[in-house]
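The next block holds one structure in the form of structure tokens; read it before the comments.
The values are calculated or read from the model by the stated rules, or taken from the named source; none is laboratory data. This one's a predicted model, so the numbers in the text were calculated from it and none came from an experiment. Cβ coordinates were reconstructed from backbone atoms using ideal geometry, including for glycine residues, and neighbour counts include every protein chain displayed.
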Amino acid sequence: MTLDLVLIGYGHVAKRFVALLDEQRTVLARRHGLTTRVVGIATRRHGCVYGSSSVVSGFSRTVTAGGTHDGPPATLAFLRDALTRSRAAARQRRLVVIETTTLDIARGEPATSHIRTALAGGAHVVTANKGPVAFAYRRLSRAARRADRRFLFEGAVMDGVPVFNLVRETLPAVNVIGFRGVVNSTTNFILTAMEQGQPFAAALAEMQARGIAEADASLDVDGWDAAAKTAALANVLLGASITPHAVDREGITPAAGPRAVEARAAGRRLKLVARARREGRQVTARVRPEELPANDLLAGLDGQQNAIILETDLLEEIAVVQRGGSLTQTAYALLSDLVTIARARPLSPPSARGRRSL
């Protein structure tokens, strides 16, 4: 199968994804019968292009070099045009829109509109943007079922480490009733650094220099990124219908430094913990710094390490640990979702509360 890809957003993750497709092309073809070609790219800063692989490759080289191309005034307008021009691939179920725009913590836009438009145009959608899952998961899942297309988002939480796929593919008849975890690399790095005497500002600047934290790191340190991931996990795994604004949220500040040092001296660790749990029809969710005992799995996470502990009805607790994160791992999440599409598995029927429509 050859999948035609339209990239909405062409930042660091999308560029690494395109490079990874090239690096893994032999493996993808041999193991999965999958080949890909990028037929369109839309960027907010550098314009948009649709055409042959050579045109797209030329655009990619120009963008990487810091150049600009002319394009329609908005990525949504470009997407509608690309869907029209890709009707044949859409009818053959070979068209995939890759959405990697940045998180909008206010409403999850324009990414949600990009995904809704792509599904209506007959495209599958793969995204690493947590916003649509955190703000509009039920609505987008219904749209995907109506269109008989896939809406996949493994890269939205913990990069390429399987969390959503784990539940969807390997835990039949198991209900997730709660979870807790450390899901933001920047804040965990800062807390670890402050335990060792490094100032808050210096640790944050190091994360920004590595490209892990954004230039405006308030989404990380104020807890918004973790809240968005908590909402996404709760919506998908617990059948909730919440947004990041419904998550009880507290981030970290320089004042957390002395508290982290004191906790470590007392044999405990200060971590920014995301939690959610279902009790009957009610789902509660929060993100806040917590002092954890040393024997807690989450207490053992250093630097950029993340982990999720799923609480289930039949298997008790299941933990997934990410020992490190990088652009390659996020790009791999997009690639793994492409393979899921190429395998052409039928869509899973929704459960009574939507928990299984991942």
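When each of ARG278, ARG288 is tested for being touching a residue at least 60 places away in the same chain (Cβ under 8 Å), surrounded by fewer than 20 Cβ atoms within 10 Å (Cβ to Cβ), basic (Lys, Arg) and part of a strand (DSSP E or B), the lone residue that passes is ARG288. Looking across segment 305-326, the residues that are in a loop (DSSP other than H, G, I, E, B) and acidic (Asp, Glu) come down to ASP313, GLU316. Residues of segment 337-358 being at pLDDT 90 or above and crowded, with 17+ Cβ neighbours inside 10 Å, which ones? Result: ASP337, LEU338, THR340, ILE341, ALA342. For beta carbons closer than 7 Å, sequence separation of 6+ or different chains, a first residue in segment 179-195 that is farther than 16 Å from SER218 by Cβ and a second that is of a type in the set (Lys, Arg) and surrounded by fewer than 24 Cβ atoms within 10 Å (Cβ to Cβ), the qualifying pairs are ARG180/ARG275; GLU195/ARG264. Here THR102 clears all of (1) closer than 30 Å to LEU297 by Cβ; (2) in contact (Cβ under 8 Å) with a residue 24 or more places away in the chain; (3) not charged (D, E, K, R) except the condition numbered (1). Taking the conditions exactly as written (more than 18 Å from ILE8 (Cβ to Cβ), assigned by TED's automatic domain parsing to the domain that holds ARG277, in contact (Cβ under 8 Å) with a residue 24 or more places away in the chain and of a type outside the set (Phe, Trp, Tyr)), does SER141 satisfy them or not? No, not satisfied. Among the residues of segment 249-263, the ones that are part of a helix (DSSP H, G or I) and either touching a strand residue (DSSP E or B) at 6+ places or on another chain (Cβ under 8 Å) or not assigned by TED's automatic domain parsing to the domain that holds GLU290 (or both) come to 4 in all. From the list ALA266, ALA203, the one residue that fits, being buried (at least 20 other Cβ atoms within 10 Å of the Cβ), farther than 22 Å from SER141 by Cβ and without any contact (Cβ under 8 Å) to a residue 60 or more places away in the chain, is ALA203. In summary, ILE252 fulfils each of the numbered conditions (1) among the β-branched types (Val, Ile, Thr); (2) within 20 Å of the chain's Cα centre (by Cα); (3) closer than 25 Å to LEU204 by Cα with the single exception of condition (2).
The criterion of at least 1 residues that are at pLDDT 95 or above is met, among helices (runs of 4 or more DSSP H) falling completely within segment 33-146, by 75-85, 87-91, 111-120. Taking the criterion of being in contact (Cβ under 8 Å) with a residue 40 or more places away in the chain, closer than 19 Å to SER336 by Cβ and over 22 Å from the mean Cα position of the chain (by Cα), the residues of segment 29-50 that qualify are HIS32, GLY33, LEU34.
Take ALA228 and decide whether it is part of a helix (DSSP H, G or I), touching a residue at least 24 places away in the same chain (Cβ under 8 Å) and closer than 23 Å to THR328 by Cβ. Taking the combined requirement at face value, the residue satisfies it.
Scan GLY181, GLY211, GLY197 and give me the residue that is at pLDDT below 95, within 18 Å of the chain's Cα centre (by Cα) and in the same structural domain as ILE309 (by TED's automatic domain parsing).
GLY211
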